[in-house]
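Here, each number is a calculation from the coordinates, and none is a lab measurement. Because the structure is predicted, anything quoted here is derived from the model rather than measured. Every residue, glycine among them, receives a Cβ derived from its backbone with ideal geometry; neighbour counts consider all protein chains shown.
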């Protein structure tokens with residue numbers, strides 16, 4: 001009888017622990033589903049080039065940068081990927097469970113951009129898409145939103161969401177983390193000098209593996225190689241950054 005009670009308590013504790021981990025962190029990897037990738041209109045949220053996060057411009061010329069698929073007749077032809085800034089590419093594409101095919105030919109003019117920030121970002125974006133034809137991708141669920149992360153062979157990334165990036169989202173992008181990938185110390189650059197309440201590190205399963213008091217650096221040397229999420233809580237707002245530990 002005592003053994004059954006003990007086993008029952010252990011099971012209750014196990015399910016309690018799982019529920020706490022799930023509730024405490026709601027940004028996690030989900031199974032890659034090609035249909036989700038193909039059926040969703042994606043909006044570019046950021047580029048990471050040489051470890052620097054770059055936010056797309058939002059202005060009178062460019063309100064958003066989207067990426068979507070024209071599937072046509074799937075039985076007769078592959079889907080086409082369409083994305084644009086000032087220029088546009090329409091690429092033959094394909095999606096497997098772990099890679100996205102993009103044959104980025106020379107972009108065609110779409111709108112006559114006059115603002116230099118749009119012209120510069122257009123060049124960065126299409127240079128990124130031209131780095132390879134097969135992009136490993138990952139789907140991340142954060143609350144009620146989805147993220148699509150494309151990673152180039154050199155580690156550069158494009159992060160898309162299923163919601164349009166707005167001005168408030170840009171204002172919340174107040175932290176830069178570097179270097180990424182990281183081996184030992186990860187530095188936090190607080191761009192707007194916000195008051196930081198808490199900094200935590202989670203693995204891809206949602207388990208908290210580090211909680212630090214420093215607002216400027218994190219010692220990552222004790223962590224195994226792989227992807228982690230750094231969650232910075234400031235003024236009841238959470239900023240989530242993905243980093244790779246070498």
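Of note:
- Among 76, 61, 105, the order by Cβ neighbours within 10 angstrom, fewest to most, reads 76, 105, 61.
- Potential lengthening between residue 63 and residue 145 on full extension [0.36 nm per residue; Cα-Cα distance subtracted]: 27.5 nm
- Take every Cα pair under 8 Å whose residues are at least 6 apart in sequence, average their separation, divide by the length of segment 174-246, and the relative contact order is 34 percent.
- Hull volume per residue, based on the alpha-carbon atoms of segment 131-246 and their convex hull, is 122 Å³.
- Rounded to 0.05, the FRET efficiency of the residue 106 and residue 246 pair, given R0 = 51 Å and the Cβ-Cβ distance, is 0.90.
- Its alpha carbons considered, segment 186-246 gives a radius of gyration followed by a Dmax of 11.2, 31 Å.
- Volume of the convex hull of segment 26-173 (Cα atoms only), normalised per residue: 115 Å³.
- Amide N proximity, segment 120-140 versus residue 227 label position 7 Å along Cα-to-Cβ, cut-off under 15 Å: 135-140
- Mean Cβ count within 10 Å, highest first, over the residues of peptides 64-71, 189-196: 64-71, 189-196
- Mean sequence separation of contacting Cα pairs (under 8 Å, at least six apart), scaled by the length of segment 26-173, corresponds to a relative contact order of 28 percent.
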